[in-house]
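Structure first, then comments.
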Amino acid sequence: MIKAIVVVGVALGIFTCSGDELHWYKGNTHTHTLWSDGDDFPEMVADWYKNHGYDFLVLSDHNILSRGEKWKALRADQANVAIEKAEQRWGRGHVKTRVVGGAKEVRLLPLNEVRYLLEEPGKFIMIEGLEMTTSREGLAVHTNPMNVSELLSVERQSERTVEQELEIHSHLVNGLSHATGKPVFWQVNHPNFKFSITGEQLADVALLDGVEIMNSSSNCFNLGDGSRPSVERIWDIANTIRLKSEGLPPIFGTATDDTHDYHLENPVVNGPGTAWVMVRAKSLTADSITGAMKEGDFYSSTGVVLKRLDFNASDKTFTVEVDAEPGVQYEIEFKGSLSKVSLRHEHVPDVVDEKGIEHPVTANYLDQNIGKTFMSKKGTRATYRLKGNELFVRAVVHSSASPYFKYDEYSDFEKKAWTQPVGWKID
Ligand SMILES: [Zn+2]
Ligand SMILES: [Zn+2]
């Protein structure tokens, strides 16, 4: 076997030069509106995020960019509340309506008009995106390319395998980024929604940038289902395979709202404001934010904010410090895989559901050095010095803050933060 050149992950090396030119920006990369199955107007959605301290927002409706003329008949239960709220916010007559075939339709603002209403340079921007949505019966391949400029068209219903669909999505994203020369951050969404995508499948997609390790919408089974692994475990397995045997860089973990519901009180499942990314970038522009995410210069959060995140590539120290809230206890865990790790595994048979659909399952990897905890420390600040035997290291910050809510035992709504892998090597 030819020994591959060892590439050391230096993506976070820029953390060492805490230059004034870098800033943290808060954003949500997965959001729905009335352009698909969200229940509010895009300008109301963007207004919510802007008013809640977000710096950027990606509207990612299913297989559609919010461009051109779009009229939509609203469900009766949506129409009154959504129109009333929009007109309270933007004034009477803001929502244009028409009647077609006896049905009342509303006009949806395209992204350029939403931008006109809400964007403010240096304060709040919209980044164009969509959720490429392919459903084979009982399975879901949903992926979000972020910072796109034209529709990447996929068939919603397909008979292709998950691998073939991922290949098609990858091809489209790659073609677009070559054509435009702009960075596109491409993530696989909610692998455990309908238990559709495994760690091995994520490991095989060369051009993938990220995967949702936390999606706060319903039925995403972030923690697995008791027999199938959590998305965080799947992520570690995928990255271990990529670095150890595929010659590929790691993929980065995102947290997103995948927002659909905007008319309920308090944060709830499918609502806005419980899962986001914090991106360190030079400026608040679509290219700068997207480029930083492609470099892994961001962390994901469900409520824990970091004051410091530094990987010093020369002395191999990885420091995490929490921007602590009064009365909340924190624990910082450093985990990852070791270089000498074995990929020995037991195949797990597909799970056949009540409709006879086969759901693939990530294999059972036997080596405890995959996703191993290297160090754990209570408190608001911790530094881990890499020993040199790690394939990659990442940090998770746990907190004692009350979870947002409990949806079911398989959804993780603890307030946490997850960093990206650092110090990684392609073995
Ligand atoms: Zn989805
Ligand atoms: Zn979605």
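The table for this structure:
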| read-out | value |
| --- | --- |
| Filtered residues of region 117-134 (kept if more than 14 Å from residue 66 (Cα to Cα) and away from ligand 1 (no atom under 16 Å from the Cβ)) | 117, 118, 119, 120, 121, 122, 123, 124, 125 |
| Residues (closer than 27 Å to residue 382 by Cβ and in contact with a strand residue (DSSP E or B) (Cβ under 8 Å, 6 or more places away or on another chain)) located in region 263-293 | 275, 276, 277, 278, 279, 280, 281, 292, 293 |
| Residue in region 174-193 that is farthest from ligand 2 (Cβ to nearest atom), counting only those that are part of a helix (DSSP H, G or I) and in contact with a Ser or Thr (Cβ under 8 Å, 6 or more places away or on another chain) | 180 |
| Test: residue in region 157-164 that is open to solvent by 40 Å² or more (accessible area, probe 1.4 Å) and either β-branched (Val, Ile, Thr) or within 16 Å of ligand 2 (Cβ to nearest atom) (or both) | yes |
| Test: residue in region 38-45 that is at pLDDT below 95 and either open to solvent by 10 Å² or more (accessible area, probe 1.4 Å) or more than 16 Å from ligand 1 (Cβ to nearest atom) (or both) | yes |
| Candidates 390, 321, filtered to the one that is among the charged types (D, E, K, R) and open to solvent by 20 Å² or more (accessible area, probe 1.4 Å) | 321 |
| Top-ranked residue of region 217-252 - restricted to ones that are over 20 Å from the mean Cα position of the chain (by Cα) and hydroxyl-bearing (Ser, Thr, Tyr), ranked as farthest from residue 299 (Cα to Cα) | 227 |
| Tally, over region 120-134, of residues that are surrounded by 15 or more Cβ atoms within 10 Å (Cβ to Cβ) and under 30 Å from residue 284 (Cα atoms) | 10 |
| Candidate set: region 174-190, residues that are within 16 Å of ligand 1 (Cβ to nearest atom) and in contact with a Leu (Cβ under 7 Å, 6 or more places away or on another chain); chosen: the one nearest to residue 151 (Cα to Cα) | 186 |
| Conditions (1) hydrophobic (A, V, I, L, M, F, W, C); (2) open to solvent by 10 Å² or more (accessible area, probe 1.4 Å); (3) not in a loop (DSSP other than H, G, I, E, B): number failed by residue 264 | (3) |
| Test result for residue 203, touching a Lys or Arg at 6+ places or on another chain (Cβ under 6 Å), away from ligand 1 (no atom under 13 Å from the Cβ) and in contact (Cβ under 8 Å) with a residue 24 or more places away in the chain | yes |
| Per-region count, region 384-421, residues among the polar types (S, T, N, Q) and modelled with pLDDT under 95 | 3 |
| Matching residues in region 209-240 - criterion: being part of a helix (DSSP H, G or I) and crowded, with 23+ Cβ neighbours inside 10 Å | 231, 234, 235, 236, 237, 238, 239, 240 |
| Single match in 154, 148, 141 (criterion: within 17 Å of the chain's Cα centre (by Cα), within 16 Å of ligand 2 (Cβ to nearest atom) and assigned to a loop (DSSP other than H, G, I, E, B)) | 148 |
| Residues within region 324-347 that are free of Cβ contacts under 8 Å to residues at least 40 places away in the same chain and open to solvent by less than 90 Å² (accessible area, probe 1.4 Å), tallied | 2 |
| Filtered residue count, region 91-115, keeping only those that are on the phi < 0 side of the Ramachandran plot and either without any contact (Cβ under 8 Å) to a residue 40 or more places away in the chain or open to solvent by 60 Å² or more (accessible area, probe 1.4 Å) (or both) | 14 |
| Unmet criterion (only one of (1) open to solvent by 10 Å² or more (accessible area, probe 1.4 Å); (2) closer than 28 Å to residue 241 by Cβ) for residue 403 | (2) |
| Filter result for the condition that a residue is touching a residue at least 24 places away in the same chain (Cβ under 8 Å) and closer than 22 Å to residue 358 by Cα, over 188, 173, 184 | 188 |
| Residue 201 surrounded by 20 or more Cβ atoms within 10 Å (Cβ to Cβ), within 14 Å of ligand 2 (Cβ to nearest atom), not in a loop (DSSP other than H, G, I, E, B) and not aliphatic (A, V, I, L, M) | no |
| Filter result for residue 194 (closer than 18 Å to residue 128 by Cα and basic (Lys, Arg)) | no |
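The values are calculated or read from the model by the stated rules, or taken from the named source; none is laboratory data. Computed from a predicted structure; not experimentally measured. Because the Cβ atoms are built from the backbone with ideal geometry, glycine has one as well, and the counts that use them run over all protein chains shown. The protein model used for the area step is the full one, side chains on, heavy atoms only, and it has no ligands, DNA or RNA in it. Shrake-Rupley method; radii C 1.70, N 1.55, O 1.52, S 1.80 Å.
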